[in-house]
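Visitor: Before I ask anything, let me first share the structure, which is written out below as structure tokens.
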Amino acid sequence: MSLMVFDHPLIKHKIAILRNKNTPMKEFRELVEEITLVMSYEAFRDAPMHKVMVETPLETCEQEMVDERSIAIVPILRAGLGMVNGVHSIFPNARVGHVGMYRDEATAIPHEYYCKLPEGIENMTAILLDPMLATGGSACDAVALLKRRGVKKIKFMAIIAAPQGIRRLTEEHPDVDVFVSTCDRDLNEHCYILPGLGDAGDRLYGTK
């Protein structure tokens, strides 16, 4: 398992705007995509490659290209959808699956309600996306779901994380690579990240 917490000036700048309660919905969505794009470069440093022959204006040469069909993007609904385009912008042919989880407001326990994954995902590198890693419940359940489907190589990417979520995910699934743009201070009594940015899904889609 590897844990990477990004320390990049560009990401810090964008997160400062993302946190602001007055940042409008359109800009919020764009920032989520932009941060995901920057994180993806590091998250896919070990992306599967294959050799191809390329004809330049002067000669033919051998090059390496990413095998995009061996990558599966799996957002955890619904907030994870906001990160998909950030990964798709560099891997436009990667397949997309969806895992639906909702959190019981009284217990903070996640429940699965939807799952649709690409055929052959057990042979792909799957990257789970969720802007917020709070208690780690949804992330751990989603990873377990992928493992039950036979997926052997799993990555997890979040924008904001709490120490509790990082600890739980890395302890329960030590074989998963975890990428987080920033680690916040704590969780409040309602399991929201502090200082956080509120409910990412609501801010992405204007539902509150």
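Visitor: For the stretch 42-67, give me the residue count where each residue is within 30 Å of residue 183 (Cβ to Cβ) and either of a type in the set (D, E, K, R) or loosely packed, with under 11 Cβ neighbours inside 10 Å (or both).
Guide: Adding up the residues that qualify gives 3.
Visitor: Determine whether residue 181 is under 15 Å from residue 79 (Cα atoms), among the polar types (S, T, N, Q) and surrounded by 19 or more Cβ atoms within 10 Å (Cβ to Cβ).
Guide: For residue 181, the condition - under 15 Å from residue 79 (Cα atoms), among the polar types (S, T, N, Q) and surrounded by 19 or more Cβ atoms within 10 Å (Cβ to Cβ) - is not met.
Visitor: Using the structure shown, decide if residue 95 is under 28 Å from residue 186 (Cα atoms) and of a type in the set (Lys, Arg).
Guide: no
Visitor: Additional query: Please find, within the stretch 66-90, the residue that is farthest from residue 114 (Cα to Cα) out of those that are assigned to a loop (DSSP other than H, G, I, E, B) and hydrophobic (A, V, I, L, M, F, W, C). Talk me through it step by step, then tell me what you get.
Guide: First pass over the stretch 66-90, keeping only residues assigned to a loop (DSSP other than H, G, I, E, B): 67, 78-80, 89-90.
So of that shortlist, the ones also hydrophobic (A, V, I, L, M, F, W, C) come out as 79, 90.
Numbers: 79: 14, 90: 27 Å.
Selected residue: 90.
Visitor: Could you grab the pairs with beta carbons closer than 7 Å, sequence gap of 6+ or different chains, first residue in the stretch 120-143 and at positive phi and among the small types (Gly, Ala, Ser), second one in a loop (DSSP other than H, G, I, E, B) and at pLDDT 95 or above?
Guide: Short answer, once both residue conditions are applied: none.
Visitor: List, please: which pairs have Cβ atoms under 8 Å, are six or more places apart or on different chains, and start with a residue in the stretch 8-33 that is closer than 18 Å to residue 81 by Cα and end with one that is aromatic (Phe, Trp, Tyr) and surrounded by 12 or more Cβ atoms within 10 Å (Cβ to Cβ)?
Guide: 18/28; 25/205
Visitor: With respect to the numbered conditions (1) in a strand (DSSP E or B); (2) within 22 Å of residue 207 (Cβ to Cβ), which one is the sole condition not fulfilled by residue 63?
Guide: (2)
Visitor: May I ask you to list the residues in the stretch 91-116 that are under 23 Å from residue 152 (Cα atoms) and not in a strand (DSSP E or B)?
Guide: Within the stretch 91-116, 91, 92, 93, 94, 97 meet the criteria.
The values are calculated or read from the model by the stated rules, or taken from the named source; none is laboratory data. Given the structure is predicted, the values throughout are model-derived calculations rather than measurements. Methodologically, a virtual Cβ is constructed for each residue, glycine included, from the backbone with ideal geometry; neighbour enumeration extends over all protein chains shown.
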